[in-house]
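Asks: Below you will find the structure I want to go over with you.
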Amino acid sequence: FKGQGMYSPASQGVIRPVLIGCFFMIKFLSCPTDQASHEWKAGCSPCPQVSIMWPFGQAFDIYSCAYFNIKGCHLTVDKNLYSKAHGVIFHHRDIHGDLKNMPQEQRPWFQKWVWWNAESPANTNRIPGVDHLFNLTASYRLDSDIKIPYGSLVEVTSEDKIFELPKKDKLVCWVVSNWNPNYKRVQVFNELSRHVKVETPSSCKFYLAFENSIYKDYATEKLFNTMKLGAVPVVLGPSRDNYKQFIPRDSFIHVDDFSSTEELAKKLLFLDQNEEEYMRYFTWRKNFKVQQGYFGLEHACRSCDYIRRNKGYRTIHNLNKWFWG
């Protein structure tokens, strides 16, 4: 992760410090020009401008980062401001395999490129050309420069309402958006269904938070949505120890804790009949609450803030090896 900066996909640049000032960021791939960026440019001409590349071509308020208590960062989708941008964030799925939709002009000496990806390696196309191209990583992985988890637990405050567990009328629920019989989660579901009835969404005691692929740190909204709604997540994903880096050890049930799906089913049925044991999975609610991530917007703001605070400059030479192995 050391080396010199790259000005463009084809040319190498010079290491320089990053300017301090008011920052704003832009999305370069498949995005329209937003009026707000022009208004800001006219009203803040003395400020060095930083742009982040915004995924999916969404329009937004350039002062959106204030929502996350981040000051000095401004977002835009206006590619015309590229030469004045301190940072540009690229959504991996938007990058063409031949890199032709990447900026071709010389990269400003103060500008940093951020590689952003929220998917697992199994659901991310490998692009050889991304090596030696980016300066920072932004992903769900805990060893990323900019960590962008799907959710987190934060301490409750005096203003938070006391959590009341919603009434349950079903035992186990599961929702899957991508049914693939080859996925382990589908295989576990089929086996578990032989021992316990699994319902479609309703008020359930347990929810199958099964990830579509198993990788370190890959715990998605399936986990955090379940916890926020007041169900106990039955997880299939990275190891139990890895999950414990995100949530309390007694707040979830891991498939790997059982020798078979039959044993897992017995555990769920036992908890269904033992209210005191079941309620222990919600002890964490006394001190914490679930905070879900704001997909896209928060990631862009966090990236901008990281660039603003960190002045060093480096190039990631082995991005493919780091992410795909």
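Asks: Out of curiosity, is Y278 crowded, with 21+ Cβ neighbours inside 10 Å, more than 30 Å from G87 (Cβ to Cβ) and at pLDDT 95 or above?
Replies: Considered against the rule, which asks whether it is crowded, with 21+ Cβ neighbours inside 10 Å, more than 30 Å from G87 (Cβ to Cβ) and at pLDDT 95 or above, Y278 comes out as no.
Asks: Looking at the structure I just gave you, is N182 out of contact with any Pro (no Cβ under 7 Å at 6 or more places or on another chain), under 22 Å from S152 (Cα atoms) and of a type outside the set (A, V, I, L, M, F, W, C)?
Replies: It is false that N182 is out of contact with any Pro (no Cβ under 7 Å at 6 or more places or on another chain), under 22 Å from S152 (Cα atoms) and of a type outside the set (A, V, I, L, M, F, W, C).
Asks: Just one of (1) under 18 Å from R185 (Cβ atoms); (2) part of a helix (DSSP H, G or I) trips up K266, so point out which.
Replies: Against the list (1) under 18 Å from R185 (Cβ atoms); (2) part of a helix (DSSP H, G or I), K266 comes up short only on (1).
Asks: Right, another one. So I307 clears everything in (1) outside the structural domain of K112 (by the TED database); (2) out of contact with any helix residue (DSSP H, G or I) (no Cβ under 9 Å at 6 or more places or on another chain); (3) hydrophobic (A, V, I, L, M, F, W, C) except one condition, right? Which one?
Replies: Checking I307 against (1) outside the structural domain of K112 (by the TED database); (2) out of contact with any helix residue (DSSP H, G or I) (no Cβ under 9 Å at 6 or more places or on another chain); (3) hydrophobic (A, V, I, L, M, F, W, C), the one that fails is (1).
Asks: Here are some conditions: (1) in a helix (DSSP H, G or I); (2) at pLDDT 85 or above. Q104 meets all but one. Which one does it not meet?
Replies: Result: Q104 passes all but (1).
Asks: Keeping to segment 221-257, report how many residues are of a type in the set (S, T, N, Q), touching a residue at least 24 places away in the same chain (Cβ under 8 Å), assigned to a loop (DSSP other than H, G, I, E, B) and surrounded by fewer than 19 Cβ atoms within 10 Å (Cβ to Cβ).
Replies: Qualifying residue count for the region: 1.
Asks: So for segment 192-208 (the condition being among the acidic types (D, E), free of Cβ contacts under 8 Å to residues at least 60 places away in the same chain, at negative phi and in a strand (DSSP E or B)), does at least one residue qualify?
Replies: yes
The values are calculated or read from the model by the stated rules, or taken from the named source; none is laboratory data. Keep in mind it's a predicted model, so treat the numbers as computed, not measured. Positions of Cβ are generated from backbone atoms using ideal geometry, with glycine treated the same way; all protein chains shown enter the neighbour counts.
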